[in-house]
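Scroll down for the structure; my scribbles are underneath it.
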Amino acid sequence: MKVLVVGGGIIGCATAYELAKAGCAVTLLERSTPGAEASGAAAGLLAPLGDSSAAFRDLAVASWRLYPGVARELRERTGIDVEHVTRGTIYPLYTADDVRQAEELARGARGLDLGVEAWDRGDVHAHEPALSSKVGGAMFVRGDHWVNNQRLVVAYAQAAVTAGVSLITGCGVSRVLVEDGRTSGVIAEGERHDADVVVLAAGAWTSALASSFGARLPVEPRRGQMLALTHVPPVITHAIHAEDVYLVPRPSGELLVGATVERVGFQRAVTALGMSSLLQAAIDLVPALGGLPISRTWFGFRPWAPDSMPILGPWPGIEGLWVATAHFRNGILLAPITARVMTEWIVTGKTPLPLEDFLPNRFLTRRQT
Ligand SMILES: Cc1cc2nc3c(=O)[nH]c(=O)nc-3n(C[C@H](O)[C@H](O)[C@H](O)COP(=O)(O)OP(=O)(O)OC[C@H]3O[C@@H](n4cnc5c(N)ncnc54)[C@H](O)[C@@H]3O)c2cc1C
């Protein structure tokens, strides 16, 4: 089966890799370089315990479980260490009521093997002494891990090439070819690429590809700004996730501070307000961060759908056309499971998990022309 994957972010690279392992002849078309957009901009947190639907949580936990094996496999194939850190995340709480709720959540989450614990003030400050004295307790999730997402996307891209994928960079797709109810390939940089199957994995730009064949897919960008502090010697050792900011200590000696969520279209900028709000929240949480040097700042565009859920599956009414996008705040976490379910679905026609909640047809309308 000849497959074209459009978009070399984490979703496109991981999916191309799994498809090639399953025996498909895969070409991956990326208009820039792998990880050039959201996948290179993320913080790399793998935190499956969100407050979304049960279907989302099942998908997230399934992907989280794959990570130790994925990190090992990518290292064996490419030599790249994706810095899979397993120290857990502290979610700060401020009132006795919050701590009681965390205790309930911890009891409810026992079956998930995520190691959820409710900490009182003493526990919190014993484990992370630099946290502000305003923090009166915490939920601790031992199972929340993190990776270096920049390395991860490069590792997936390299692994894909070793598995036989033809990776073409600097190659923007301008049109998806659809005739008589099926796709026959794409036009990229003025050239026709033929295929039996086309997978749209162009992140926040996937709606532009849909427009190219007269359809509308409501995927929009949500800008996220972040910054990094030089973190040697380290001030904190766990990831810390508060309402308005999160902190991720990287083995490389950086502390990532993220992230804004903004509806500003594709404005390619780090703003004064974005940086000041993140820094203010970070210093309120861990006062000692105030003295650390800022090493870099950046932004990225998360692919967002109106229900904040991924869009996965076959395009209704167009044989051979598939979509895998809109992973919003969780694309790094969800990449391994997305790649595996898409591959099994495309190759065998069956999904290994129930994915009705993520089907593209919940949004699709044909444009009346
Ligand atoms: C600041 C920030 C922090 C985040 N933190 C986390 C986190 O901690 N954990 C987590 O799980 N997720 C996180 N995310 C979300 C995560 O980054 C995204 O969900 C994920 O990267 C989406 O991957 P993608 O491959 O769909 O999109 P992208 O990485 O944006 O990739 C899409 C690719 O398609 C290419 N492309 C677009 N149009 C075309 C075309 N016409 N032809 C060819 N190529 C094209 C682009 O160049 C791009 O490389 C964060 C995101 C941001 C911005």
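Figures for the structure shown
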item: Segment 142-160, subset surrounded by fewer than 23 Cβ atoms within 10 Å (Cβ to Cβ) and more than 12 Å from Gly35 (Cβ to Cβ), residue nearest to the ligand (Cβ to nearest atom); result: Gly143
item: Complete set of residues in segment 243-278 that are aromatic (Phe, Trp, Tyr) and surrounded by 15 or more Cβ atoms within 10 Å (Cβ to Cβ); result: Tyr246
item: Looking only at segment 29-52, and only at residues there that are open to solvent by 20 Å² or more (accessible area, probe 1.4 Å) and within 17 Å of Trp304 (Cβ to Cβ), the one that is farthest from the ligand (Cβ to nearest atom); result: Asp51
item: Residue satisfying condition, being in contact (Cβ under 8 Å) with a residue 60 or more places away in the chain and not assigned by TED's automatic domain parsing to the domain that holds Leu200, within set Val165, Val135, Val154, Val173; result: Val135
item: Subset of segment 116-141 that is among the charged types (D, E, K, R) and part of a strand (DSSP E or B) - its residue that is least open to solvent (accessible area, probe 1.4 Å); result: Glu117
item: Yes/no for Glu220 being free of Cβ contacts under 8 Å to residues at least 60 places away in the same chain, open to solvent by 30 Å² or more (accessible area, probe 1.4 Å) and charged (D, E, K, R); result: no
item: Options Leu229, Leu209, Leu255; residue that is touching a strand residue (DSSP E or B) at 6+ places or on another chain (Cβ under 8 Å) and closer than 30 Å to Leu28 by Cα; result: Leu209
item: Conditions (1) open to solvent by less than 10 Å² (accessible area, probe 1.4 Å); (2) of a type in the set (Gly, Ala, Ser); (3) over 21 Å from Glu243 (Cα atoms): number failed by Gly320; result: (1)
item: Test result for Ala163, among the small types (Gly, Ala, Ser), more than 9 Å from the ligand (Cβ to nearest atom) and either open to solvent by less than 10 Å² (accessible area, probe 1.4 Å) or within 30 Å of Val82 (Cβ to Cβ) (or both); result: yes
item: Pro306 away from the ligand (no atom under 15 Å from the Cβ), under 22 Å from Glu220 (Cβ atoms) and surrounded by fewer than 21 Cβ atoms within 10 Å (Cβ to Cβ); result: yes
item: Members of segment 179-202 found to be outside any loop (DSSP other than H, G, I, E, B) and either acidic (Asp, Glu) or open to solvent by 20 Å² or more (accessible area, probe 1.4 Å) (or both), listed by number; result: Glu179, Arg182, Ser184, Ile187, Glu191, Arg192, His193, Asp194
item: Residues located in segment 203-256, provided they are assigned to a strand (DSSP E or B), within 30 Å of Arg142 (Cα to Cα) and among the small types (Gly, Ala, Ser); result: Gly224, Ala228, Ala239
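Results for (1) open to solvent by less than 20 Å² (accessible area, probe 1.4 Å); (2) assigned to a helix (DSSP H, G or I); (3) farther than 28 Å from Pro336 by Cα; (4) touching a residue at least 12 places away in the same chain (Cβ under 8 Å), shown as yes or no for each residue.
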| site | (1), (2), (3), (4) |
| --- | --- |
| Leu66 | no, yes, no, yes |
| Arg72 | no, yes, no, no |
| Glu83 | no, no, no, yes |
| Ile90 | yes, no, no, yes |
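The values are calculated or read from the model by the stated rules, or taken from the named source; none is laboratory data. These figures come from a predicted structure and were not determined experimentally. Glycine gets a Cβ as well: all are built from the backbone with ideal geometry, and neighbour counts include every protein chain shown. Heads up: the accessible areas ignore ligands, DNA and RNA and are worked out on the full protein's heavy atoms, side chains in. Shrake-Rupley method; radii C 1.70, N 1.55, O 1.52, S 1.80 Å.
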